[in-house]
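The values are calculated or read from the model by the stated rules, or taken from the named source; none is laboratory data. None of the values given here were measured: they were computed from a predicted structure. All Cβ positions, even for glycine, are placed from backbone atoms using ideal geometry, and neighbour counts span all protein chains on display. Just the protein is used for accessible areas: all its heavy atoms, side chains included, with ligands, DNA and RNA removed. Shrake-Rupley method; radii C 1.70, N 1.55, O 1.52, S 1.80 Å.
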Amino acid sequence: MRSDDMSSTTIDLFANADVQQPAKTERIGEQSFVLRGFALPWTDRLLPALERVLRAAPFRQMVTPGGFTMSVGLSSCGTLGWTTDRCGYRYTRIDPLTGQPWPDMPAVFLELAQAAALEAGFSDFMPDSCLINHYVPGARMSLHQDKNERSYSAPIVSVSLGLPAMFLFGGHVRSDKSQRVPLFHGDIVVWGGVDRLRYHGILPLKDGVHPQLGAQRINFTFRTAD
Ligand code: MD3
Ligand code: FE
């Protein structure tokens with residue numbers, strides 16, 4: 001907050017604009033940061049936890065309200081999971097595939113998301129949802145905004161694992177020019193404040209084989225949905 005704003009409830013959209021970030025942090029927007037390799041020291045704990053989540057809630061390809069099957073496979077953990085079907089996009093407490101609550105968010109997932117948010121200048125990040133996206137070569141995510149959350153005041157933290165991908169970072173209007181940001185195994189991106197509603201997407205995944213994960217990319221997206 002700026003000192004003259006203390007009595008108002010207005011969110012200070014530029015709260016982090018003048019916060020110095022460490023050297024390995026790349027700033028890609030007013031309040032968006034790539035933390036290169038931040039997740040690498042955590043992968044020994046992340047991958048077994050991921051396997052446990054996926055045993056309870058396997059990847060599945062969902063259908064958009066327009067009737068298109070997404071090329072990306074999805075799962076979730078945490079209190080809320082993001083879902084789409086012919087009826088629309090929404091968060092649910094029950095996994096529609098299993099009829100059970102989504103698996104708990106592993107402690108290591110939450111700890112990593114909070115550490116990354118803090119590194120980018122966002123304290124007290126409390127995600128209640130982790131969407132797990134599964135890309136195979138050719139899979140893509142077209143330009144969209146993330147608008148299904150109750151509030152946009154919390155940041156979003158995303159963890160990239162496996163094959164590299166080209167992230168498209170657009171503006172507040174779909175037709176705004178996008179910047180391209182390559183994302184590699186272990187990179188984390190944090191988006192908040194003024195950048196929270198910017199259009200974004202992932203270009204079709206290129207063929208390749210990652211030494212640890214094989215021919216796939218897995219992305220965790222942590223959100224405060226409720
Ligand atoms: C940028 N996932 O799940 S990172 C998504 O890599 C999604 O799987 C991509 O877009 C992926 O919705 C991109 C996550 C992400 C999430 C929200 C954002 C990037 C964002 C909000 C604003 C700007
Ligand atoms: Fe998104």
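Shown for the chain: the carbon plus sulfur share of the solvent-accessible area, taken with all protein chains present and a 1.4 angstrom probe, equals 55%.
The residues R45, R36, R150, sorted by heavy-atom accessible surface at 1.4 Å with ligands and nucleic acids left out, run R150, R45, R36 from largest to smallest.
Rounded to the nearest 10 degrees, the inclination of helix 107-119 to the longest alpha-carbon principal axis of the chain is 30 degrees. Selection among N219, Y199, L183 by position relative to the dipole of region 180-226 gives Y199 as farthest towards the positive end (Cβ unit charges, Cα centre). Accessible area of H144 (1.4 Å probe, protein heavy atoms only, ligands and nucleic acids ignored): about 50 Å². Applying D = kT/(6 pi eta Rh) to the chain, where Rh is the Kirkwood radius over alpha-carbon pairs, T corresponds to 20 °C and eta to 1.002 mPa s, the Stokes-Einstein value obtained is 119 µm²/s.
The mean accessible area for residues of region 24-223, using a 1.4 Å probe and ignoring ligands and nucleic acids, is 45 Å² per residue. Rounded to the nearest 10 degrees, the angle from helix 43-56 to the longest Cα principal axis of the chain is 50 degrees.
With K and R counted +1 and D and E -1, the other residues having a Cβ less than 12 Å from that of G67 yield a net charge of 0.
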